[in-house]
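Report on one structure; see the data block that follows.
The values are calculated or read from the model by the stated rules, or taken from the named source; none is laboratory data. None of the values given here were measured: they were computed from a predicted structure. Using ideal geometry, Cβ is built from the backbone for each residue, glycine included, and neighbour counts are taken over all protein chains shown.
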Amino acid sequence: MKYLILLLAVGLCTACNSEPRAADSGTEQARDTTLRVSTQPFGQTKEGPVTKYTLENANGMQVSVINQGGIITNIVVPDKNGAMEDVVLGFDSVTSYLGDYPYFGAFIGRYGNRIAKGTFELDDEQYTLPTNNGPNSLHGGLKGFDKKYWTATPLEEADRVGIRLTGTSPDGEEGYPGTLTVTVHYWLDNDDALTLEYAAETDEATPVNLTNHTYFNLGGAGSGDILGHELMIAADRFTPVDETLIPTGKLQSVEGTPFDFRQPTPIGERIEADDEQIRFGGGYDHNFVLNRSGEGLQQIATVYEPESGRTLEVETTEPGVQFYSGNFLDGSNIGKGGQPYELRTGFCLETQHFPDSPNQPDFPSTILQPGETYTSTTVYRFGVR
Ligand code: GLA
């Protein structure tokens, strides 16, 4: 009974926290009520209760996000026959997200990807970050944003529903200068598009590179490998890396290499190629230099899974995308429904600035200055063919 009351209270809370709500603005008639947010308890951490917020649209598409780590735990979308399936890797319980795990669905910050040897110089000062990936710092360090407890607010607008996550990263957290205040929105609309909007401000110059680390498998999470997915990335060049996956600083043409995805190509077609870059990555684990014209959102990648017919289109405002083919998955992570996630059973398209930019003067800058607002938007749009 107590549990029931708690559940009811949590459910009601969605309504009382929701803002901006059409009801408050007097336009209730206009609001599309097929779009909704529901909540469910998802365990507890030392910092407080964890809630799973599920955004749902008119087509029955669902996106679930938890306030722990800002993690996307589920994305449920139809296949070409209308069969709904969860197409992202993740766990059934929050405890699995608290320890060492390969960033399933996670919100990544302060710096997505690697910083060489965990150090950089900024305004004549040398900063040292904890290293957590061989000699390098990866995905924000030991306690990156994927391990932070965020304040979540469900949002219901006329033509979309969402979650807002807010939080502050104190000066010196994980070695980074400046107090960083962060806001992220996850939106779902009736076009089956999930939009991620990031914003941040600082009181001291500091590197910022925010992204999301969702592993997709359009055949369904746990259904097998992703080698048959056909991928297109609009990139004439990529940033080749050394054996610790730090960019050499060059921008290399994809022409004639396994990195040419300018035409849709099965991920598995060249993944075992005799190529130094493929060897260093153990497959694909590389930043692609996106062909951009101007600013704003541009479509930069498409994915098609022939059996289910599911498609994914990616749009971003970022200059790069890390295409990671799940090379470190080895069956040791037991995912949702007790499924072990084996080698290459998920892939990531992490929109971002280039890896190690704080040490690469020729790469687009990732330094945020006081008085500026960092913004970044990425859209993952689902469909069928
Ligand atoms: C990123 C990195 C990979 C790997 C995964 C997590 O995509 O580029 O090398 O660390 O995160 O396992």
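Can you name every residue in the range 81-121 that is hydrophobic (A, V, I, L, M, F, W, C) and within 14 Å of the ligand (Cβ to nearest atom)?
89, 104, 106, 107, 108, 115, 116
Considering only the range 162-176, I want to know if a residue exists there that is in a strand (DSSP E or B), away from the ligand (no atom under 16 Å from the Cβ), touching a residue at least 40 places away in the same chain (Cβ under 8 Å) and more than 20 Å from residue 47 (Cβ to Cβ).
Within the range 162-176, one or more residues are in a strand (DSSP E or B), away from the ligand (no atom under 16 Å from the Cβ), touching a residue at least 40 places away in the same chain (Cβ under 8 Å) and more than 20 Å from residue 47 (Cβ to Cβ).
Working carefully through the options 302, 265, 244, 248, find the one that is farther than 29 Å from residue 331 by Cα and either surrounded by fewer than 21 Cβ atoms within 10 Å (Cβ to Cβ) or within 16 Å of the ligand (Cβ to nearest atom) (or both).
Going through 302, 265, 244, 248 in turn, just one is farther than 29 Å from residue 331 by Cα and either surrounded by fewer than 21 Cβ atoms within 10 Å (Cβ to Cβ) or within 16 Å of the ligand (Cβ to nearest atom) (or both): 248.
Matching residues to (1) basic (Lys, Arg); (2) more than 25 Å from residue 117 (Cα to Cα); (3) in contact (Cβ under 8 Å) with a residue 40 or more places away in the chain; (4) not in a loop (DSSP other than H, G, I, E, B):
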| residue | (1), (2), (3), (4) |
| --- | --- |
| 244 | no, no, yes, no |
| 255 | no, yes, no, no |
| 268 | no, yes, yes, yes |
| 273 | no, yes, no, no |
| 277 | no, no, no, yes |
| 280 | no, no, no, yes |
| 283 | no, no, yes, no |
| 287 | no, no, yes, yes |
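Identify all residues within the range 184-213 that are surrounded by fewer than 18 Cβ atoms within 10 Å (Cβ to Cβ) and polar (S, T, N, Q); write none if there are none.
190
Residues being more than 20 Å from residue 380 (Cα to Cα), assigned to a loop (DSSP other than H, G, I, E, B) and touching a strand residue (DSSP E or B) at 6+ places or on another chain (Cβ under 8 Å): count how many of those fall in the range 44-66.
1
Just one of 308, 365, 332, 293 is modelled with pLDDT under 95 and either farther than 24 Å from residue 192 by Cα or part of a loop (DSSP other than H, G, I, E, B) (or both); which is it?
Only one candidate qualifies: 293.
For residue 82, indicate whether it is closer than 30 Å to residue 360 by Cβ, of a type in the set (Gly, Ala, Ser) and not in a helix (DSSP H, G or I).
no
Is it true that residue 359 is in contact with a helix residue (DSSP H, G or I) (Cβ under 8 Å, 6 or more places away or on another chain), closer than 17 Å to residue 114 by Cβ, within 16 Å of the ligand (Cβ to nearest atom) and not charged (D, E, K, R)?
It is false that residue 359 is in contact with a helix residue (DSSP H, G or I) (Cβ under 8 Å, 6 or more places away or on another chain), closer than 17 Å to residue 114 by Cβ, within 16 Å of the ligand (Cβ to nearest atom) and not charged (D, E, K, R).
Just checking, how many residues over the range 122-135 are in contact with a Leu (Cβ under 7 Å, 6 or more places away or on another chain) and either of a type in the set (Phe, Trp, Tyr) or away from the ligand (no atom under 16 Å from the Cβ) (or both)?
The total comes to 0.
Among what's in the range 85-129 and is aliphatic (A, V, I, L, M) and in contact (Cβ under 8 Å) with a residue 60 or more places away in the chain, pick the residue that is surrounded by the fewest Cβ atoms within 10 Å (Cβ to Cβ).
For the range 85-129, the residue satisfying everything is 122.
Being more than 14 Å from the ligand (Cβ to nearest atom) and outside any loop (DSSP other than H, G, I, E, B) is the filter; apply it to the range 335-356 and report the residue that is farthest from residue 100 (Cα to Cα).
Across the range 335-356, the extreme among qualifying residues is 337.
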